[in-house]
1. Please go through the residue pairs K160/K190; K123/K190; K190/K299; K190/K318; K48/K395; K14/K312 and name each one whose alpha carbons sit more than 24 Å apart in this structure.
2. Under a straight-distance cross-link criterion of Cα-Cα below 13 Å, which aspartates and glutamates are reachable from K244, leaving out those fewer than 8 residues away in the same chain?
3. Give the long-range amide H neighbours of Q214: residues separated by 5 or more places, or on another chain, with amide H under 5 Å away, using H modelled in the peptide plane at 1.01 Å from N.
4. Compute the acute angle (0 to 90°) between the alpha-carbon long axis of helix 285-296 and the principal axis of greatest extent of the alpha-carbon atoms of the chain; round to the nearest 10°.
5. How far, in nm, would the chain grow between M64 and I32 when pulled straight, counting 0.36 nm per residue and subtracting the alpha carbon separation?
6. What full-extension length gain, to one decimal in nm, is calculated for K123 and F322 as 0.36 nm per residue of separation minus the Cα-Cα distance?
7. Which is farthest toward the positive dipole end of the chain among L108, A448, V311, measuring Cα position about the Cα centre, with Cβ charges +1 (Lys, Arg) and -1 (Asp, Glu)?
8. T435 versus I336, label points 7 Å from Cα toward the beta carbon: distance in nm?
Amino acid sequence: MKEKSFKKHIYRYKRYYVFIALTIIALVLPWIRINGNHFFLLNFDHMKVHLFFVKFDMQELYLMPFLLIMLFLGIFFMTTLGGRVWCGWVCPQTIFRVIYRDLIKTKLLHIRKSIQNKQAPDKPGTIGKQVVAILIWTVLALIAGADFIWYFVPPEDFFKYLQNPSEHMVMLGFVLGIAAFLIYDIVRLKEDFCIYVCPYARVQSVMYDEETIQAVYDKARGGQIYKEDERTEVSIGEKLVHNKKELLAMNPDAECTYCEACVRVCPTHIDIREGTQLECINCLECADACTKVMGALGKPSLIEWNSISAVKEHRRPKFLRFRTIAYGVALTIALIALFWMSTTKEYMLLNINRTAELYSFENHGKTVDNAYVMLFQNTENKKHNYYFEVLKEDKTPFKEIYIKRPTKPFPLNAGKKVRKIVVLATDKILAKDSTKDTIIPIIIKAYAVDNPKKIVVYRKTIFAFPRYDYLQKARKQ
Ligand code: SF4
Ligand code: SF4
């Protein structure tokens, strides 16, 4: 196969494009703001959450369950459909290892011989270059650490805080801590992180089914290399044949050349011909290696990105099946709910508490007052003047109850909150019950005077009207 057409068939280049696109997105996204809001920001500093360029107060955490549901459903959906597609195509660990091992150590500094052989040790006598590689990676790890923090402390604050590091030691500590972990992880721990540390690696296998796509060796074409349990057809971890000669003696039609290019290239040091393994991160490097070997013989790769059943039956995988449809539907519902919640966002917050006293008489019992403590919060990026109205349960004006205090709209700066003592009053007889006080449900409609259609909230509360005999007594005094 010619080099140009070969490149078209291998996954590595496609993965590189995905890696580049993801890296650019991860680095650029924190810098993009629309109306001062970020795409995603969990800002504990200002107690704000930004989602899809809409800012939410931390008090609006009703969004969080939807985000968590979406996260878990997304993982289930993705794993059932594409196995460890996350690991091979998206995970920062994989991307960082490709940058460090393949780009810096192999291509740039020639410490390693070839990216096709991940089992070979580093070339001897390259200590100086190893130090340079670690230094280059240290710089990149610091950028990665800062980039991660930008989703919690936005760049506009981050660089301001950096000018005063002694006052922002926690932020600085996180950046340095993440960078230090990345240096240890990428330089020392390597793929052992994927095999022994990452919790996703442990749980993903239970989400697999016979149609989950993964790197699969076509045993029927290539020939059986490992001994298997007769009942389950699962490898018992012992080789059946050790070279091409033994393989052909067992099965004259076996196509595997026993070149072991697929074994040499595997970053997790496994032999995919043994079958599905927990260690496989679905990087498809083995499939690429075999594509090259078999391509030279004019044959398709013996290692496919396909489901086990589909490889056995020589067909395409079934993407539409009960599990994937169920996860897909649930994910779509959660996404729509999240989107709907974010569009019905309230642009101000209002908490109402009543004072201990139910009501009081004023003006010799002619007026009945009810007092409240209302907390108004401006969650917008600009200053507004706020006021409110009293409504009945059917949202029509409650004309008999008027606002005694505050008498006029009050200003509130961007992001600020204010506690107001509010007094509602009535001069009318709202009830004539002499057995008990009458509790009248009301609605407070609070709004920004300059934009009452968009910035408005409704809160239910009550107006307590005294027993009629108490009222009469107060009026006689
Ligand atoms: S690269 Fe292909 S031909 Fe070579 S050993 Fe692996 S499966 Fe067999
Ligand atoms: S067997 Fe190794 S090379 Fe092949 S996909 Fe899995 S991790 Fe990658």
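1. K160/K190; K190/K299; K190/K318; K48/K395; K14/K312
2. List returned: D253, E255, E260.
3. N306, S307
4. 40
5. Values: separation 32, 0.36 × 32 = 11.52 nm, distance 2.24 nm.
Result: 9.3 nm gained on full extension.
6. Here the segment from K123 to F322 would lengthen by 66.6 nm.
7. About the Cα centre, the residue reaching furthest to the positive side is A448.
8. Using points 7 Å along Cα→Cβ, the separation is 4.9 nm.
The values are calculated or read from the model by the stated rules, or taken from the named source; none is laboratory data. These figures come from a predicted structure and were not determined experimentally. Heads up, the Cβs are rebuilt from the backbone with ideal geometry, glycines too, and the neighbour counts pull from every protein chain shown. Heads up: the accessible areas ignore ligands, DNA and RNA and are worked out on the full protein's heavy atoms, side chains in. Shrake-Rupley method; radii C 1.70, N 1.55, O 1.52, S 1.80 Å.
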